[in-house]
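Worksheet for the structure shown next.
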Amino acid sequence: MDKRDFTILKHMQKYCEEIEKTINRFGNKIENFKNDNDYRDSISMKIFQIGELANHLTDEYLEMTKNEINWNAIRGMRNRFAHGYGKMDTDKIFNTAIEDIPVIKTFIEKELNKNN
């Protein structure tokens, strides 16, 4: 992995950790998420940032890891936020935060540990 990819993954890891902290702060009930704009916006922006960062990984790295992580889905979520935030499905955002972000975080930690 080149230095650029390593740096991007470190930033992505930070956003995953921030999502985890936000969930711990506000709770993991979807009702809390749906009823609190600050909670929703905080999680949404961090998911957006993860997708944005994924757009800057090298083509070589994306190709090398495509069987381990669905980069297209991560970047696709970013595009949905960027081009249709008002129409975003809050259930989908919440499920991404609760179910997908821990998987992404684990993958990133494994990758960073391989290159330390």
With the checklist (1) surrounded by fewer than 18 Cβ atoms within 10 Å (Cβ to Cβ); (2) in contact with a Phe, Trp or Tyr (Cβ under 7 Å, 6 or more places away or on another chain); (3) among the charged types (D, E, K, R) in hand, flag the one item K29 doesn't pass. (2)
From Q13, Q49, residue being under 17 Å from D100 (Cβ atoms), in a helix (DSSP H, G or I), in contact with a Leu (Cβ under 7 Å, 6 or more places away or on another chain) and not β-branched (V, I, T): Q13
Please go through (1) of a type outside the set (A, V, I, L, M); (2) touching a residue at least 60 places away in the same chain (Cβ under 8 Å); (3) surrounded by 15 or more Cβ atoms within 10 Å (Cβ to Cβ); (4) closer than 18 Å to H11 by Cα for S44 and return the number of the only condition it doesn't satisfy. (2)
Restricting to segment 1-10, count the residues that are touching a residue at least 12 places away in the same chain (Cβ under 8 Å) and part of a helix (DSSP H, G or I). 6
For segment 63-88, give me each residue that is at pLDDT 85 or above and assigned to a loop (DSSP other than H, G, I, E, B). K66, N67, E68, I69, N70
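The values are calculated or read from the model by the stated rules, or taken from the named source; none is laboratory data. What you see is a predicted model, and the numbers here were worked out from it, not measured in a lab. So basically every Cβ, Gly included, is an ideal-geometry build from the backbone, and we count neighbours across all protein chains shown.
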